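Asks: Following this message is one structure expressed as structure tokens.
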Amino acid sequence: MSDSTRVLGAPVVRREGRDKVTGTARYAAEHTSADCLYGWIVPATVPTGRVTAIRTADALAVPGVHTVLTHDNAPRLKEPDDPILAVLQDDRVPHRGWPVALVLAESLEAARAGASAVHAEYTTTGHDVVLTGDHPGLYIPEEANGGHPGLRERGDAMRAFEAAPVRIDATYTLHGLHNHPMEPHASTARWSDGHLTVHDSSQGSTAVRNSLATALGLDRNRITVVSEHVGGGFGSKGTPRPQSVLAAMAARHTGRPVQLALPRRYMAAIVGHRAPTLQRVRLGADRDGVLSSVSHEIVTQTSRIKEFVEQAAVPARVMYASPHSRTEHRVAALDVPSPSWMRAPGEASGMYALESAMDELACALGIDPVELRLRNEPQAEPDSGRPFSSRNLAACLTQGAARFGWNDRDPRPAAREEGPWLLGTGVASATYPVLVSRSAASAQAAPDGSYRVRVNTTDIGTGARTVLAQIAASVLGTDPENVQVDVGSSDLPTASVAGGSSGTASWGSAVHKAATALVRRLAEHTGPLPPDGLTVTADTGDETAQESPYARHAFGAHFAEVAVDSLTGEVRVRRLLGMYAAGRILNSRTARSQFIGGMVMGLGMALTEGSTMDPAFGDFTESDLASYHVPSCADVPDIQAHWIDEDDPHLNPMGSKGIGEIGIVGTAAALGNAVRHATGARLRTLPLTPDKLLPYLP
Ligand code: MOS
């Protein structure tokens with residue numbers, strides 16, 4: 001019998017790691033066969049308007065081109081559950097890059113050549129793609145994402161702000177950001193005897209199956225969606241994307257399997273973006289740094305076809321004690337592609353502004369920024385008044401500071417030089433909510449003493465299979481290697497999407513419940529097991545329907561050291577250190593990897609990533625990796641993730657909080673604060689590229 005405390009938390013190696021590094025793991029675009037057709041999308045080349053004519057004769061004349069689908073001849077869909085999936089149904093062009101045709105050919109090359117030979121004509125109606133703080137279309141939505149109220153007020157934040165002896169009033173700007181998972185979005189669809197099978201690059205194949213059933217007007221049990229290996233998603237694969245509908249539609253229409261992989265250049269318009277935000281933060285405090293007023297106002301954009309509101313003011317409802325608070329979102333619907341989920345939506349963007357403003361307040365008061373945060377620790381969640389199930393932000397700040405070597409910091413700006421380099425350090429807090437969704441799982445004991453867990457988890461690169469084996473093994477009293485884990489098919493017991501940092505908690509709870517029931521069944525059983533073993537299935541519907549009386553969040557603290565080249569304005573990150581309080585860490589190896597991955601993404605947000613909207617073309621200017629810069633290994637010399645042992649009994653049977661997103665939250669603020677410390681320049685627009693810094697350097 002293995003000891004559950006040894007299994008949970010152990011640095012168990014990711015089980016599919018060898019398959020991935022040896023190339024035997026197959027991704028959605030790789031499930032092709034000799035009879036497969038390859039698809040290539042024709043994107044709209046105008047920002048908004050209508051297709052008046054679309055001529056396909058030249059495309060059909062390209063050798064190898066089999067079919068061209070347009071709104072004239074594409075099969076009709078039922079109304080999909082997401083308007084972005086209503087592709088090739090009418091002549092509307094809601095934004096540039098919207099698919100107006102799909103070319104299907106015997107080879108990828110022929111499909112691509114065919115796509116360039118499709119001639120589309122449009123009428124355009126004038127477009128509105130630039131977000132401004134005074135856009136006439138701005139309104140307060142009833143809800144921002146996650147069901148959070150668009151506006152929350154406690155007390156009278158404006159009055160308290162005006163009365164405060166120390167005030168910070170600053171506006172921060174984040175450009176749009178793009179998810180660029182290593183594996184672009186792809187689907188391979190085939191019909192066989194009236195059954196549709198789609199290999200899809202998705203964060204949740206059950207959701208894709210359900211969406212396809214709605215759009216195609218099919219019974220759910222006639223569709224299987226498989227997402228066996230997924231090369232990252234970060235939210236962009238958290239909801240079904242048009243390529244799955246197009247591939248399924250085309251396979252049905254042609255009677256052939258169809259593979260459709262998005263070229264990277266098309267992703268920015270099709271797979272969602274983190275919407276730009278203009279964020280005004282007002283903090284009022286006394287001379288000891290105790291906050292009396294917190295106001296955080298967000299201006300952001302959505303598309304014309306759906307309302308999607310980055311909930312960036314929500315973390316200000318959680319973070320600091322203040323008797324007066326106002327948190328508001330305003331959104332304008334523009335002729336832009338629909339924004340969507342991107343790692344820590346809301347928290348990543350909102351905490352950049354809030355944690356930068358806290359640093360500004362610390363500087364204004366001459367109080368250490370760690371100490372300032374400690375002075376504003378709330379007794380209960382500020383907005384809801386609910387007690388925290390656990391809140392170890394203070395421990396993250398103080399223990400992180402000790403590990404980082406923060407405490408002998410000279411607070412004066414631009415005081416440390418090393419040749420042409422100006423050196424500085426910065427800190428910021430992090431938070432991410434504890435989310436959990438209903439899931440089901442089965443657990444089977446085989447006569448040979450092995451076990452098998454079945455659950456439609458998606459492993460998007462996090463190591464979900466591995467940690468679920470650990471959870472099952474800890475209950476079953478066996479070694480994780482003795483537990484087979486089947487994931488990644490909608491034919492398995494239904495599980496929730498790999499999003500909201502909720503996967504391990506949601507699926508793990510179902511696995512834990514099934515394994516616990518199996519242990520009971522085995523104890524009752526006498527004699528040898530039947531040939532197909534004993535199987536039990538569990539569902540967490542009852543547990544997840546109950547609302548917790550606690551405010552449940554993970555917390556963290558990020559510390560950064562930067563060197564700014566005073567000649568070129570280049571910012572180099574010397575060190576990043578994250579200290580987290582995220583419940584029980586269930587696999588120290590894969591958890592560390594997720595924390596670090598989030599921090600690297602935060603580094604990109606701070607220094608290199610930013611998307612600009614071309615006002616004339618109505619298009620994102622940075623739509624490939626040559627122009628949209630993500631950090632490389634050389635950008636990250638020393639990055640550390642640590643955590644405190646947090647024992648929180650109000651979470652789930654494993655005692656875990658989510659860890660997938662908190663790493664990105666606050667990292668950009670810590671870096672911006674470090675740049676300010678290094679140079680004395682307080683820049684409030686990301687990314688901190690050399691051109692922005694140069695005017696402030698000696
Ligand atoms: Mo993540 S943005 O919740 O997939």
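Asks: Which cross-chain or sequence-distant (5 or more) residues have an amide H under 5 Å from the amide H of residue 131, H modelled 1.01 Å from N in plane?
Replies: Here nothing satisfies the definition.
Asks: Let me test this: with uniform point scatterers at the alpha carbons of region 562-698, what is the Debye-based log₁₀ I(q)/I(0) at q = 0.10 1/Å?
Replies: Values returned for q = 0.10 Å⁻¹ are -0.42.
Asks: Three principal axis extents, largest first, for the C-alpha atoms of region 85-192, in Å?
Replies: 71, 36, 24
Asks: Along the charge dipole of region 532-656, which of 608, 628, 537 sits closest to the positive end, that is, farthest toward it, with unit charges on the beta carbon of Lys, Arg, Asp and Glu (+1, +1, -1, -1)?
Replies: Final value for the positive-end residue is 608.
Asks: For 298, 54, what's the fewest-to-most ordering of other Cβ within 10 Å of each Cβ?
Replies: Details: 298 28, 54 20.
If I rank by nearby Cβ atoms, fewest first, I get 54, 298.
Asks: Using the Cα centre as the reference, give the magnitude of the dipole from point charges on the C-beta atoms of the chain (Lys, Arg: +1; Asp, Glu: -1; all else neutral), rounded to the nearest 20 debye. Display every interim value, and only then the final one.
Replies: Numbers: 64 positive and 76 negative charges, 72 e Å.
So the dipole magnitude of the chain works out to roughly 340 debye.
Asks: Here's something else I'd like to know. Please compute the contact order of the chain in relative form: average sequence separation of alpha-carbon pairs under 8 Å and at least six residues apart, divided by the residue count, as a percent.
Replies: Computed over the chain, the figure is 17 percent.
Asks: Which ³J(HN,Hα) values, rounded to whole Hz and listed in residue order, are derived for region 278-289 from phi using the Karplus coefficients 6.51, -1.76 and 1.60 in 6.51 cos²θ - 1.76 cosθ + 1.60 with θ = phi - 60°, glycine and proline given as x?
Replies: 10, 10, 9, 10, 10, 10, x, 9, 8, 6, 8, x
Asks: Pop out the ³J(HN,Hα) list for region 366-371 in order, Karplus 6.51 cos²θ - 1.76 cosθ + 1.60 with θ = phi - 60°, rounded to Hz; leave Gly and Pro as x.
Replies: x, 10, 4, x, 5, 4
Asks: From the alpha carbon gyration tensor of region 506-566, can you work out the equivalent ellipsoid semi-axes (sqrt of 5 times each eigenvalue) and give them in Å, largest to smallest?
Replies: The three semi-axes for region 506-566 are 46, 19, 9 Å.
Asks: Is there a pair in 78/237; 237/306; 78/306; 20/78; 20/306; 20/692 whose C-alpha atoms are over 28 Å apart, and which pairs would that be?
Replies: Working: 78/237 22 Å; 237/306 17 Å; 78/306 17 Å; 20/78 38 Å; 20/306 37 Å; 20/692 40 Å.
Check vs 28 Å cut-off fails for 20/78; 20/306; 20/692.
Asks: Next up: Let me know the whole percent of all Cα-Cα pairs from region 8-120 that are separated by more than 20 Å.
Replies: 54
Asks: Through the Karplus equation 6.51 cos²θ - 1.76 cosθ + 1.60, θ set to phi - 60°, convert the phi angles of region 500-516 into ³J(HN,Hα) values in whole Hz; use x for Gly and Pro.
Replies: x, 6, 10, x, 4, 5, 6, 6, x, 5, 5, 5, 4, 5, 5, 5, 5
Asks: When you count, for each residue, the other Cβ atoms within 10 Å and take the mean per peptide, how do 530-543, 107-120 rank with the highest first?
Replies: 107-120, 530-543
Asks: How big is D for the chain, in µm² s⁻¹ as a whole number, if Stokes-Einstein is applied with the Kirkwood radius of its Cα pairs at 20 °C and 1.002 mPa s?
Replies: Rounded, D is 81 µm²/s.
Asks: If you find the alpha carbon centre of region 475-502 and of region 195-214, how far apart are they in angstrom?
Replies: 18
Asks: On full extension of the chain, what length is gained from residue 520 through residue 139, given 0.36 nm per residue of separation minus the C-alpha to C-alpha distance?
Replies: Numbers: separation 381, 0.36 × 381 = 137.16 nm, distance 5.53 nm.
131.6 nm is the gain from fully extending residue 520 to residue 139.
Asks: Which number do you get for Rg(Cα) / (2.2 N^0.38 Å) in region 332-483?
Replies: Numbers: Rg = 23.0 Å, N = 152, 2.2 N^0.38 = 14.8 Å.
That ratio works out to 1.55.
Asks: Please state the charge dipole magnitude for region 371-438, taken about the Cα centre, from unit charges on C-beta atoms (+1 on K and R, -1 on D and E), reported in debye and rounded to the nearest 20. Before the final figure, lay out each step's value.
Replies: Working: 9 positive and 8 negative charges, 57 e Å.
The dipole of region 371-438 has a size of about 280 debye.
Just so you know, all these numbers are worked out from the coordinates, no wet-lab data involved. As the structure is a computational prediction, the values presented were derived from the model and not from experiment. Cβ atoms come from the backbone with ideal geometry, glycine included; neighbour counts cover every protein chain shown.
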